[in-house]
Structure formats: C-alpha cells, structure tokens
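Student: Sharing a structure here in structure tokens format.
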C-alpha cells in the first residue's frame, strides 16, 4: 500500500502533463549527409516519412558481359508512415512513385546517390517531376532517401541456371519531401 501511495504524485503529474501540447519534433537536418545528396538551398522540409516494405530483384543477364548474370533492381513496394507511425501513403514502382493517401502522387529523376551503412541501399536524392493530383505531393521539388536499412541485392547466386528468378528483400528508409520556399 505504501508504494502505491508513493506513486500517486508521479501519476498525478503525468496526468496533468498529458493535456499539454507536445513540443514539435525538430526539423530534419541534412547537415550530416554527404554533399551529393543534400537538397539545394531554397527548399524546405514539407513532409518526413518512414518507408517500410520490400524491394524486388530479378536475376538477369549482365549487360555487355556474355555469360554473366546479376541481380537487377525491379521495384519497391512500401508503406509510407509519418513520424507517429500513421500510414500516410505508399511508395511503389516502376516508375518510382510516391503516393499520398489523398491520391496525389509524384515520380522523380535520380540526381545522386551516396554510400550508406554496410548491408543498406544507398542514400539518394531525386528531383521530383510535377505532381499528379492535388494534395500532399503537390509542389514537391526534391525527395531524399536517408537512414536506410536493408534492401540490398540478394547474396544468393545469380546465374544462367536461375535467370528470371525473383527475390524480395525487406528494407526501411526515411523519405524526406521538400518544397520550394
């Protein structure tokens, strides 16, 4: 009973604080990113998402190398969630398409990549094409892929014997959407 009573002031404090607005998360900073994948000045963060899902690879003949094969990126299939874990859209392809729950969507052209941690797909900067539909993706100018985990091509053999085989690997990455200021 004594420990129960001692916990009451802490519980009262937590209850009082629960009605207070939460401090907003600090804006994403690209200061620690390689220069190649930094968004040019004149753009601001409009949306931060976490993409989690799968990347499909296919075993294909290597271009310009007779008799050799390699795993080739086919496309992603991921859910986009906000920082609170709520689903806000999806990412799929080809072509690489980011689609908001409101139906607006955007495709993009790769500008640069930079190495990530071992076993993770590279960091990436893409320049957005004009958005389709009105909504969250309207006005998007750049998208960064950062904080990548997983998603690299399979380690299993790729040869003429299994040409055409597909492998799906899991990955996660933050997708940061920018708009012009």
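What follows draws every value from the coordinates through simple rules; no lab data is involved. From a predicted model like this one, the values you see are computed outputs, not experimental measurements. Cβ coordinates were reconstructed from backbone atoms using ideal geometry, including for glycine residues, and neighbour counts include every protein chain displayed.
Student: Before we move on, is residue 103 touching a residue at least 12 places away in the same chain (Cβ under 8 Å), within 27 Å of residue 168 (Cα to Cα) and crowded, with 19+ Cβ neighbours inside 10 Å? It would help to see each step written out before you state the result.
Tutor: Working: touching a residue at least 12 places away in the same chain (Cβ under 8 Å): yes; within 27 Å of residue 168 (Cα to Cα): yes; crowded, with 19+ Cβ neighbours inside 10 Å: no.
No: the conditions fail for residue 103.
Student: Sort out which residues of segment 128-179 are touching a residue at least 60 places away in the same chain (Cβ under 8 Å), exposed (fewer than 12 other Cβ atoms within 10 Å of the Cβ) and farther than 26 Å from residue 72 by Cβ, and write them in order of number.
Tutor: Across segment 128-179, there are no qualifying residues.
Student: Going through segment 154-174 one residue at a time, which ones are within 26 Å of residue 81 (Cα to Cα) and either out of contact with any strand residue (DSSP E or B) (no Cβ under 7 Å at 6 or more places or on another chain) or in a loop (DSSP other than H, G, I, E, B) (or both)? Talk me through it step by step, then tell me what you get.
Tutor: Here is the first cut: in segment 154-174, the residues within 26 Å of residue 81 (Cα to Cα) are 154, 167-174.
Of everything in segment 154-174, just one residue is within 26 Å of residue 81 (Cα to Cα) and either out of contact with any strand residue (DSSP E or B) (no Cβ under 7 Å at 6 or more places or on another chain) or in a loop (DSSP other than H, G, I, E, B) (or both), namely 154.
Student: For segment 135-153, give me the residue count where each residue is assigned to a loop (DSSP other than H, G, I, E, B) and closer than 24 Å to residue 101 by Cα.
Tutor: 5
Student: Which one is farthest from residue 110 (Cα to Cα) among residues in segment 28-47 that are part of a strand (DSSP E or B) and over 15 Å from the mean Cα position of the chain (by Cα)?
Tutor: The residue in question is 44.
Student: Tell me which residues, restricted to segment 61-77, are within 23 Å of residue 93 (Cα to Cα) and loosely packed, with under 12 Cβ neighbours inside 10 Å.
Tutor: Result: 63, single match.
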